[in-house]
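Step one of this worksheet: look at the structure below.
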Amino acid sequence: MTRLPALCCLLVLATACTPADRTPPAPADAATDDAAAFDATRLPAYHWSLADAVDAGGARIDALFPRADKPLQLDFADGHLGVSNACNRIGGGYTIEGDALTVGNLVSTQMACTDAALMQSDGAIGQRLEAGGQLRYDGDALVLTTTGGDILRFEGAPTAQTKYGGPGERVFLEVAAQRVPCHHAMIPDYQCLHVREIGYDDAGLKTGEGEWQFLYQDIEGYTHESGVRNVLRLDRYTIANPPADGSSIAYVLDMVVESEVADR
């Protein structure tokens with residue numbers, strides 16, 4: 001009987017010293033798991049258009065929205081970050097470590113835009129990108145929180161390679177100044193773009209011209225202006241499962257090589 005109090009004391013002490021939560025402590029790097037899980041491979045697969053931007057106080061950053069019809073767009077490819085739909089085209093190198101974005105010195109073309117809002121957008125987006133920040137996905141959206149506390153939200157649209165399942169074939173088409181009447185089974189009085197393929201060598205010298213043909217479809221990213229002749233650099237893709245009444249080929253604009261006012 002003399003041992004009972006001692007045994008009780010041992011039980012009390014054991015209970016008092018045993019932690020209520022026996023869950024093992026989190027490893028030291030657990031806090032970085034979410035950052036390490038950021039999938040940077042998604043970045044080059046989409047064009048990222050700015051949908052919303054607020055500063056650290058929650059106020060909209062109007063300087064990042066110079067025009068409603070063409071939001072600022074980011075494109076990531078081969079370690080290069082490009083910005084379009086500002087006054088100038090802006091670009092520079094970038095790296096991703098975990099979820100941290102680091103952007104090098106950005107360079108831009110030297111156009112002078114008459115629209116003051118467009119001119120201001122160059123500095124506004126460049127300053128925030130060069131500051132870097134943290135990236136995360138919110139569903140299909142990409143969210144950048146800059147080091148200054150600004151929050152920029154971008155909506156993604158698949159690039160042509162993502163959309164069509166692989167790289168396209170680089171081609172050059174000359175587009176005549178005027179559309180021409182052409183027979184279309186589904187659209188009466190349809191007018192086609194009048195095009196011919198242009199060949200260039202590695203030095204950029206013209207090597208030949210194809211026959212003029214009707215193009216019964218639009219060129220993605222290109223809006224034809226009547227009376228203007230253009231030479232376009234395009235990527236041509238094969239559509240795996242085209243609709244019954246659609247083309248099995250898609251043309252996507254890369255850049256306008258030549259442009260002039262012409263009669264045909």
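Summary table below
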quantity	calculated
Output for region 131-156, where each listed residue is touching a helix residue (DSSP H, G or I) at 6+ places or on another chain (Cβ under 9 Å) and assigned to a strand (DSSP E or B)	GLN134, LEU135, ARG136, TYR137, LEU142, LEU144, THR146, LEU152, GLY156
Filtered residue count, region 205-231, keeping only those that are in contact with a Cys (Cβ under 7 Å, 6 or more places away or on another chain) and part of a strand (DSSP E or B)	2
Some residue of region 100-118 being at pLDDT below 95 and touching a Pro at 6+ places or on another chain (Cβ under 6 Å)	yes
Conditions (1) at pLDDT 95 or above; (2) surrounded by fewer than 16 Cβ atoms within 10 Å (Cβ to Cβ); (3) over 14 Å from THR146 (Cβ atoms); (4) touching a strand residue (DSSP E or B) at 6+ places or on another chain (Cβ under 8 Å): number failed by ARG89	(1)
Verdict on ARG128 being part of a helix (DSSP H, G or I), at pLDDT 95 or above and assigned by TED's automatic domain parsing to the domain that holds ARG60	yes
Some residue of region 191-204 being within 26 Å of LYS70 (Cα to Cα) and either in contact with a Cys (Cβ under 6 Å, 6 or more places away or on another chain) or not β-branched (Val, Ile, Thr) (or both)	yes
Residues of region 219-264 satisfying the condition of being within 14 Å of ALA160 (Cβ to Cβ) and charged (D, E, K, R)	GLU220, ARG233, ASP235, ARG236, ASP254
Criterion (within 18 Å of the chain's Cα centre (by Cα) and of a type outside the set (S, T, N, Q)) met by exactly one of ASP62, ASP115, ASP78, ASP55	ASP78
Pick from region 28-59, criterion surrounded by 11 or more Cβ atoms within 10 Å (Cβ to Cβ) and over 24 Å from ASP75 (Cβ atoms), ranking: modelled with the lowest pLDDT	THR32
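The values are calculated or read from the model by the stated rules, or taken from the named source; none is laboratory data. None of these values were measured; they are calculated from a predicted model. In this analysis, Cβ positions are derived from the backbone assuming ideal geometry, glycine residues included, and neighbour counts consider all displayed protein chains.
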